[in-house]
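The values are calculated or read from the model by the stated rules, or taken from the named source; none is laboratory data. Being a predicted model, the structure only gives us computed values, none of them experimental. Using ideal geometry, Cβ is built from the backbone for each residue, glycine included, and neighbour counts are taken over all protein chains shown. Surface accessibility is based on the protein's heavy atoms, side chains included, excluding ligands, DNA and RNA. Shrake-Rupley method; radii C 1.70, N 1.55, O 1.52, S 1.80 Å.
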Amino acid sequence: MELKEIKCPHCGHVNPPGTQLCQSCGLMINEDYDKNKIKDVMRYDGSAVRSKVKSQSIFDKIWIFFTSIRNGVIIIALIAIAASIGTILPQQYFIPIGVDPETYYSDNYGTFGLIYYKFGFHNLYSSWWFVLLNAMLALSIIAASVDRGVPLYKSLKNQRAKKHPSFFKRQRITLNSETADSEDVNKIIDGLKSKRYKHTEDGPHLLFEKGRLSRWGPYINHTGLIIILIGSMLRFFPGMYIDEILYVPEGETVEVPTTDNKYYIKNEKFILDTYEKDSGSVFDKSLAMQGDLASNYQTNITFYENLSSDVVGSEPDLKEIDTDEIRVNHPFKFENYDIYQSSFDNSSMKSMTFKLVDKNDKQVGEEFTVDLKDPESTYEIDEQTNIELRAYAPDFQEIGERGELISQSPVARNPAFVFQVNNDSLTTPEISLLQIQNTDEITPNNEYKVKFVSMENQIATVLTLKKDLTMHLIAVGFIIFLIGVFIGSYINHRRIWINKENGLSLAAHTNKNYYGLKKELNSVLNENGFDSVNDKDEAEHDDRMKG
């Protein structure tokens, strides 16, 4: 059912559909409205709120959904619940580098971990449904602000000094004095002006007002929240927010991610300093209980620009741009990027040395060394013997269905090899699978065996690449939000209506802190010989106590 315009029977003003109080004289004109809800009526001085106007159109139903405070609270609760679940297991950002997320969550946390991964909780803050919830919250805040802000603006802009007598009777704070003369009333008017009230006159009718800004506090809050949400959602757009891991073994040069092959970084040296035991420092007890504690992580880097980055498929043409020392809380900065020292990794291996022995455990030929980052395909042992590397997994997990070696990550932490021994005395090559502390013959009755001799570890620095073009926007939104909180909490919108036709009729309303309004009014009234104002709430409370 669509509502019609309402004509005021007292002053003849035509009010829009859904209006509760006449916008001109303040008379209650909508008989369908619950007249006990005086505070709700006074919030907008009777102006119609769109979501309260009945309509059957699809647009209005969508509008009512997003303007509903209950629905807004439900959306916030869903976001809070999702964020809480996202803290149960580590986010993908914190799992080992190069590990398949589905496999990691399934192996470490079972069925719950697999469900956690399938629903996107492993990468919660960039999942489509979490972004959708944030977008719905932003729409809800915008719709609620427009739905209530527009009638508020209209009611404040079109305030009239002249009000119907019934309007005075409905207010909580009132005062009537038929014996007051014009001189006494003028003294009260001067007293209110001295309290920094702005006033409007319409013949014998006056409106005093101050603190109107207080009414906009919640909308300023909403503006800040919307800016924060927009800034948060912008993080999911390419190039706006980057948080990547750089794994750089010592002595190696790697491309800086997300820079389109333009920049490279070389780990010249990684330095790890530890606190000395029994040095008299505050860490002595911890050192005694836990062992070494790091006092400094540091990566000495060289930063390069690739001059051939625009040429597709070309080899990098690196030009040195800068050198620096990256330490914890002392990042290297370039353009809009920061590179932070995150941690280090000394679990990876650089190379492994092997030897070939016969059935009598006698070494055949020379030892050979496998570079675990770039292994060769064939190793010459002597004139009659060579060893082929048939397969290699730097971080061995399992053997696949087709017999291939499956690796958990590209980092050499648990290497496995399939070696083929070729010797002039053999009719067929011998193949074996070699793992750390384990060798399995693939061909039966092998005459030769590859044995582990030694290995060389390699330390790698773990750096974090960050870029955030949204932080300034989020900071601005937060500042605006705090300003709104301050305005809404510490400023009061106070209005006083005076009719001096027959003595003095006074009514007052505030959006909060009636005690302060009464105290201010009484100070002006008492100074000029008038009684204190009447407070309906206090009178009703006293009557209940007496009863």
For the range 184-237: of the residues being modelled with pLDDT under 90 and of a type in the set (D, E, K, R), which is most open to solvent (accessible area, probe 1.4 Å)? ARG235
Are any of the residues in the range 135-152 within 22 Å of the chain's Cα centre (by Cα) and not in a helix (DSSP H, G or I)? no
Answer yes if at least one residue in the range 156-176 is in contact with a helix residue (DSSP H, G or I) (Cβ under 6 Å, 6 or more places away or on another chain), surrounded by fewer than 16 Cβ atoms within 10 Å (Cβ to Cβ), without any contact (Cβ under 8 Å) to a residue 40 or more places away in the chain and not in a strand (DSSP E or B), and no otherwise. no
Can you name every residue in the range 307-346 that is within 18 Å of PHE270 (Cβ to Cβ) and either part of a loop (DSSP other than H, G, I, E, B) or in contact with a helix residue (DSSP H, G or I) (Cβ under 8 Å, 6 or more places away or on another chain) (or both)? VAL328, ASN329, PRO331, ASN346
Result of the Cβ filter at 8 Å on the range 514-543, keeping first residues that are within 20 Å of ASN492 (Cα to Cα) and partners that are of a type in the set (Ser, Thr, Tyr) and in a helix (DSSP H, G or I), at least 6 apart or interchain, is ASP535/TYR514; ASP537/TYR514
Given the conditions (1) closer than 30 Å to TYR247 by Cβ; (2) at pLDDT 85 or above; (3) in contact with a Phe, Trp or Tyr (Cβ under 8 Å, 6 or more places away or on another chain), every one holds for PRO96 apart from (2)
Whether any residue in the range 414-437 is open to solvent by 70 Å² or more (accessible area, probe 1.4 Å), free of Cβ contacts under 8 Å to residues at least 12 places away in the same chain and within 32 Å of the chain's Cα centre (by Cα) is what I want to check. no
So, in the range 317-357, how many residues would count as being open to solvent by less than 80 Å² (accessible area, probe 1.4 Å) and within 26 Å of ASN414 (Cα to Cα)? 15
Does ILE459 meet the test of being touching an Asp or Glu at 6+ places or on another chain (Cβ under 9 Å), among the β-branched types (Val, Ile, Thr) and closer than 30 Å to HIS199 by Cβ? no
Among the residues of the range 79-99, write down those that are crowded, with 16+ Cβ neighbours inside 10 Å and touching a residue at least 40 places away in the same chain (Cβ under 8 Å). ALA82, VAL99
